[in-house]
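Structure, as structure tokens:
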């Protein structure tokens, strides 16, 4: 089964795709958000091209486990995404995923400008890989 992982942000959506066996995640792209309709069309196109069967959406909880404003927006996006793409959307805790990616990139001496270009895609990869690892 092939999965799509998403790191939803206000300005971008990081996208990762699993291999056909659903074992490993690879970052694919970062979508620059324009409006909801265009965002959904781009996600639908990616889902069709990669034959995605389920979507794993990063769910940002507060450190104490509560759901804040970004978490509420993610829940709303989940509903819209499920309806528009007719695919199951699974929520995956994404606490610290972006910070983890940022630390890895800094440790690898990646310049700030380059980090900004890849961080969302890499966060989506971490989110998806965390989900895939939990299934094993």
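The values are calculated or read from the model by the stated rules, or taken from the named source; none is laboratory data. Just so we're clear, the structure is a prediction, and the values are computed from it rather than from any experiment. As a convention, Cβ positions derive from the backbone with ideal geometry for all residues, glycine included, and neighbour counts pool all protein chains shown.
Structural remarks
- Residues that are surrounded by 18 or more Cβ atoms within 10 Å (Cβ to Cβ) and either under 18 Å from residue 2 (Cα atoms) or out of contact with any strand residue (DSSP E or B) (no Cβ under 8 Å at 6 or more places or on another chain) (or both), drawn from region 61-84: 81
- Only residues that are within 18 Å of residue 101 (Cα to Cα) and either in a loop (DSSP other than H, G, I, E, B) or without any contact (Cβ under 8 Å) to a residue 24 or more places away in the chain (or both) were counted across region 12-22, and they come to 0.
Results for (1) under 16 Å from residue 125 (Cβ atoms); (2) surrounded by fewer than 21 Cβ atoms within 10 Å (Cβ to Cβ), shown as yes or no for each residue.
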position	(1), (2)
8	yes, no
19	yes, yes
24	yes, yes
37	no, yes
49	no, yes
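- Sole exception among (1) out of contact with any helix residue (DSSP H, G or I) (no Cβ under 6 Å at 6 or more places or on another chain); (2) modelled with pLDDT of 85 or more; (3) over 15 Å from residue 8 (Cβ atoms) for residue 124, by number: (3)
- Test: residue in region 76-95 that is more than 22 Å from residue 133 (Cα to Cα), assigned to a loop (DSSP other than H, G, I, E, B) and at pLDDT below 95: no
- Just one of the listed residues (58, 9, 22) is under 21 Å from residue 118 (Cα atoms) and touching a strand residue (DSSP E or B) at 6+ places or on another chain (Cβ under 8 Å), namely 58.
- Out of 88, 44, sole residue that is surrounded by fewer than 19 Cβ atoms within 10 Å (Cβ to Cβ), under 17 Å from residue 5 (Cα atoms) and out of contact with any strand residue (DSSP E or B) (no Cβ under 8 Å at 6 or more places or on another chain): 44
- Among the residues of region 32-75, none is identified as closer than 26 Å to residue 133 by Cβ, assigned to a loop (DSSP other than H, G, I, E, B), at pLDDT 95 or above and touching a helix residue (DSSP H, G or I) at 6+ places or on another chain (Cβ under 6 Å).
- If you go through region 106-136 and pick out every residue that is surrounded by 11 or more Cβ atoms within 10 Å (Cβ to Cβ) and not in a helix (DSSP H, G or I), you end up with 1.
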